[in-house]
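The values are calculated or read from the model by the stated rules, or taken from the named source; none is laboratory data. This is a predicted model, so every value here is computed, not measured. Here the Cβ is made from the backbone with ideal geometry for all residues, glycine too, and neighbour counts use every protein chain on show. Each accessible area value is taken on the protein alone, full model and side chains, heavy atoms only, with ligands, DNA and RNA left out. Shrake-Rupley method; radii C 1.70, N 1.55, O 1.52, S 1.80 Å.
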Amino acid sequence: MAEFVVDDGIKLNYHLDGDSGPVILILNGIMMSTASWADFVPVYTDNNYRVLRVDFRDQGLSDSYPEEYKIEIHVEDIIELLDHLKIERVIPVGISYGGMVAMLMAIKYPERLDSMVLTNTVARVTPYLKAASQAWQEAADLKDGRKFFRLAMPFIYSDYFYKHNQEFLESREEILADVLDAEWLTRFNRLAESSYEFDIEEQLTEIELPVLLVAGERDILTPLEKMKEIASKLTDSRLLTINDAGHASCYEKMNEFNTAVLGHLALTVENN
């Protein structure tokens, strides 16, 4: 774990793992943190990649930012961090909210990206996604981590996953009930509000680097049809659907997800 302070004084928490090789930049979903990817890191470092994980402001161990802001703010934070670490180019792997940040990076700083993986994300916050986020915000206002978990998770995991993983979900509820405290829930609300005006559908044609899109067959928040729409507007893209998976496809089918990412990297990035 390390810390970096960006120009406006906000401290970002990050981890850089691996000894050498191209850098995979992990961009969190809105409810995630650097800790969420711990089981993924050795998969990539063992294949000669470095892995950079970052907590956005208002997320994980990074500082809170109790002012109104837009999702674009994270792009500048990340570029400052990359400059600090003297990392010229990265391969973003962004899920949901993190996928939105990845696309914004690809549009504004294409020279800093080699390729990109977009997972369970959208190019525009749809009315349904906004309504779900607002429902989560109302749940967060209860300041009760257990209730938030119970209200939010059915949107995240597929019905298939619920059917086959009841013990896991119950254990996660016990772990997160205390973690999702009043401060976490307040920070979550600010992150959610930052994305409500996100819409880059008309700018997708500006993204020319190779892109792998990973969709969950049963994802109701960022459905397969929306991922197909993104793919149709990109210059160089490939869409992979993970069957019987929802919005948390990288967890529900971790092996399939990692195989897809490594396959994309093997095709698009030269390992030096």
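Of the heavy-atom accessible surface of region 124-196 (probe 1.4 angstrom), what whole percent is carbon and sulfur?
Carbon and sulfur together cover 51 percent of it.
Compute the distance from the alpha-carbon center of region 93-172 to that of region 204-238, in whole Å.
16
Scan the chain and report its longest stretch carrying no GluC sites (Glu not before Pro) that are both in a DSSP loop and have at most 12 other Cβ atoms within 10 Å.
89-196
In whole Hz, what ³J(HN,Hα) sequence does region 33-39 give by Karplus (6.51, -1.76, 1.60; θ = phi - 60°), x for Gly and Pro?
Values, residue by residue: 8, 4, 5, 5, 9, 4, 6 Hz.
Could you state the accessible area per residue of the chain in Å², with a 1.4 Å probe and every protein chain left in place?
Accessible area per residue, the chain: 44 Å².
Scan around T241 for amide H atoms under 5 Å from its own, H built in the peptide plane at 1.01 Å from N, and keep only partners 5 or more places away or cross-chain.
A215
How big is the accessible area of T259 in square angstrom, nearest 10, if you roll a 1.4 angstrom probe over the protein chains?
Accessible surface of T259 is approximately 100 Å².
Pull out a ≥ b ≥ c, the square roots of the eigenvalues of the alpha-carbon gyration tensor of the chain, then state rounded if a/c is under 1.5, prolate if not and a/b is larger than b/c, and oblate in the remaining case.
Rounded is the answer for the chain, as its axis ratio a/c remains below 1.5.
Which listed residue (L104, N13, G216) has the Cα farthest towards the positive end of the charge dipole for the chain, taking +1 on Lys and Arg C-beta and -1 on Asp and Glu C-beta about the Cα centre?
Result: G216, furthest along the dipole toward the positive end.
For the chain, build the charge dipole from Cβ charges (+1 Lys, Arg; -1 Asp, Glu) around the Cα centre, then report which of A177, Y251, S133 sits farthest towards its positive end.
Y251
Can you compute the charge dipole magnitude of region 1-87 about its Cα centre, using +1 on each Lys and Arg Cβ and -1 on each Asp and Glu Cβ, nothing else charged? Give it in debye, rounded to the nearest 20.
The dipole of region 1-87 has a size of about 300 debye.
Rounded to the nearest 500, what is the chain's calculated 222 nm mean residue ellipticity when only DSSP H runs of at least 4 contribute -39500 (n - 2.57) each, over all residues?
Dividing the helical sum by the residues of the chain leaves -13000 deg cm²/dmol.
Please list, by residue number, every one of the trypsin sites (Lys or Arg not before Pro) in region 112-215 that is coil in DSSP and has at most 16 other beta-carbon atoms within 10 Å.
Sparse-neighbourhood loop trypsin sites (Lys or Arg not before Pro): K143.
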